[in-house]
Amino acid sequence: MVREREEWGLLMAATERPEGRGLGDRLYDGIFHNRVWRSIFRSGYPNTPRNQMLAVATNVFLHLHPTRIHRTHVKITHTFCLGGLSFFLFLGLTITGVLLMFYYVPSVDRAYQDILALDTDVRFGQLMRNIHRWMAHGMVLTVLMHMMRVFYTGAYKPPREFNWVVGVVLLVLTLLLSFTGYLLPWDQLAIWAITVGTNMVGSAPILGEPNRFILVGGFQVGQAALIRFYTLHVIGLPLLAAVFMTVHFWRIRRDGGLARPL
Amino acid sequence: MAVATPAAQAQPASQAVRGRQRRQREEELLVWPDLVFVEFISAVVFTITFTILAYMVDALLLDRADPAVTPNPSKAPWYFLNLQELLLHMHPALAGVIVPTVALIALGAIPYFDTDNEGQGEWLSTARAWPITAVGAVVGAAGTTLLILYDAGKHVQVYEMIANGTWSPDPDAPGFVGWPSWLGWATNLRAIQNDISWPEELTRVPLGSKVLRTDLLGLPAIDLDVNLPAVLVEQIIPVTMMIGLPLLLSFVAARVGLARTKRDHMILQFSGFIATFLTLTIIGTYFRGAGLELVPYTIFVGDH
Ligand code: HEM
């Protein structure tokens, strides 16, 4: 405890005491004190605690974070970064997904050919498709594991009840995102998996069959289903997921950061 | 982040309060650089990992979709194979819609059941949390496996193996000892419906012409004959199991003093749920082959 306090003091002293200008300082000034950098970030590299907090608080991307967090929450074993990883995978999927869209036409006549071409003709096409595929599987896994970590650390307890519910919605959206993407390659794996999956919806009492019909856009999985799944996959569900993620992250801050022992 | 409660705001900032706030500050780190760097490093590590993985393992692409050729087996994506597995053991409306809906609602409702603050913010920090997790997980996994083995009639095979003293008993061999015929109803779940000669009054309960008399209201009469043994096998028994067995687990755990608080029961049930979910997914993925028979299976070998 005392030692930690001393380290903290040293840190403050080291970063806030002015020093003579060495090579490092001149390099630093060259990078961080020119007009271009200043026009973008308005301040130099944040090297004092005050500036570091300001950097986080005033940057549109970083300010999803609080400015300070509790020591125990930086320990990898507290969260295993699983929520962060889910978000990272979501971003990665967005980037690779946009690249795949350049080559893919959601029509039953072309879809399979396009994927085949992606695998054989397009430079890095197979790699893009593989990354997208593995990240999609990975995201389902990380979201499930994130849910388990939140549960076993008791982090759903008041005041975080609602954020847990937002999380459950995110879980459903993640599964739906993956499920809608599954149809797009238009191979045997795709259409039969979606047939089996949508038939499950159809088995619900009373509303099942009408719902299945709306989802698939017909009696069997065909062009109507493909364009529905495609639209949901590339715009509808990602937008919804982005909205819920924003709420999720915002609530983490509103609820006072990550849960910690009382 | 000291959450300022109204009570705390109302109090004069005494020496003690200020002391506590200072101590909390000292426990905190700045997001920049400490957290931002951890995030940056893990983003780099995972970008590299996924690129290497994608470089080494190709995503599957089978033949072009053909609605006329149904592959055997046809499987949903892996994260829905748990539901597809349930489908084999109960009414499709239960497995495909009702069970997942109820499960999701129950999942979302966890924080509204378990509301006290005990055990927050640390891995399994309440007393007995680890043993409870272990018991829930083992019971969930083993229970699910046993039920599936039962429904596949594996106990009959085991019985015949033991009774005949050989690994692969031949039913046509002289002196073959088979599963006792008076236990025919216990070969699997469906046998309760098929192996017992139910009286006609039960297999065709005319709800339409006896109970729901829509014709009395001037509406067309509905034709609704209910097959009670089928309802028993497809709905009543599965629902009783899915609700009853977890309740039984909680009851026993409470009796032996393992689960005492709400959090204890929550951990027990959640662990059981996750284990069941995983077991169903694994069996659905790796142990359902052609005709969805219970045999080892993988999509990566063989011809499709
Ligand atoms: C797309 C899916 C999701 C994303 C991107 C996401 C992201 C995050 C992130 C980045 C955090 C910060 C801490 C951490 O990394 O663990 C977090 C915390 C949290 N998440 Fe999620 N999450 C998702 C799904 C879920 C699910 C399925 C649940 C639960 C059912 C959930 C419940 C929570 C709760 C209650 C917290 C606060 C934890 C605490 O206070 O320690 N989230 N989430």
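The values are calculated or read from the model by the stated rules, or taken from the named source; none is laboratory data. Here the structure is a predicted model, which means the values were calculated and not measured. A quick note on method: Cβ atoms are made from the backbone with ideal geometry, for glycine too, and the neighbour counts reach across all protein chains shown. Note: areas computed on protein heavy atoms with side chains; ligands, DNA, RNA excluded. Shrake-Rupley method; radii C 1.70, N 1.55, O 1.52, S 1.80 Å.
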Exercise. Each label point is 7 Å from the Cα along the Cα-to-Cβ direction; what then is the distance between the points at B:LYS210 and B:LEU247, in nm?
Worked result: 2.8
For this session: In whole Å, largest first, what are the principal axis extents of the Cα atoms in chain B?
Result: 88, 61, 51
Seminar exercise, completed: Taking the dipole of the protein assembly as shown about the Cα centre (Lys, Arg +1; Asp, Glu -1; charges at Cβ), the one of B:PHE270, B:VAL36, A:TRP134 that reaches farthest to the positive side is B:VAL36
For this session: Report the one residue of B:GLY108, B:TYR79, B:ILE283 whose Cα lies farthest in the direction of the positive end of the charge dipole of chain B (charges on C-beta: Lys and Arg +1, Asp and Glu -1; origin at the Cα centre).
Result: B:GLY108
Seminar exercise, completed: Per the charge dipole of segment B:181-262 (beta-carbon charges, Lys/Arg positive, Asp/Glu negative, Cα centre), the residue among B:LEU212, B:PRO238, B:TRP182 reaching farthest to the positive end is B:PRO238
Exercise. How big is segment A:192-262 on each of its three principal axes, counting only the C-alpha atoms and giving the largest first in Å?
Worked result: 54, 28, 20
Problem set entry | Size of electric dipole in segment A:73-254: Cβ of Lys, Arg +1 and of Asp, Glu -1, about Cα centre, debye, nearest 20 | 860
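In whole angstrom, how long is each semi-axis of the equivalent ellipsoid of segment B:186-304, when you take the square root of 5 times every eigenvalue of its Cα gyration tensor and sort them from largest down?
The answer is 37, 27, 15 Å, longest axis first.
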Problem set entry | Rule-of-thumb Rg ratio for chain A [Cα; 2.2 N^0.38 Å; N residues] | 1.33
Exercise. Computed FRET efficiency, Cβ-Cβ of B:PHE113 and B:TRP182, R0 56 Å: what is it to the nearest 0.05?
Worked result: 0.80
Problem set entry | 29 Å Cα cut-off, lysine pairs counted over the protein assembly as shown (separation 8 or more, or different chains) | 4
Problem set entry | Residues in segment A:198-235 occluded by at least 20 Å² - accessible area, probe radius 1.4 Å, against chain by itself | A:MET200, A:SER203, A:ALA204, A:PRO205, A:GLN220
For this session: Leaving out ligands, DNA and RNA, calculate the buried accessible area for the pair B and A with a 1.4 Å probe, summed over both sides, in Å² to the nearest 100.
Result: 8000
For this session: Distance between Cα centroids, segment B:48-105 to segment A:146-190: provide it in whole Å.
Result: 16
Exercise. So what's the angle, to the nearest 10 degrees on a 0 to 90 scale, between helix A:161-183 and the longest Cα principal axis of chain A?
Worked result: 50
Problem set entry | A:SER107, A:SER43, ranked by accessible area, largest first (probe 1.4 Å) | A:SER43, A:SER107
Seminar exercise, completed: chain A: relative contact order from alpha carbon pairs under 8 Å, six or more residues apart, as a whole percent, is 17
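Explain nothing, just the number: dipole magnitude of segment B:84-230 about its Cα centre with +1 on each Lys and Arg Cβ and -1 on each Asp and Glu Cβ, in debye rounded to the nearest 20.
Numbers: 6 positive and 15 negative charges, 23 e Å.
Dipole of segment B:84-230, to the nearest 20 debye: 120 debye.
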For this session: Using only alpha carbon pairs under 8 Å that are at least six residues apart, calculate the relative contact order of chain B and give it in whole percent.
Result: 25
Exercise. For the protein assembly as shown, what ratio Rg/Rh do Cα atoms give with a Kirkwood hydrodynamic radius?
Worked result: 1.04
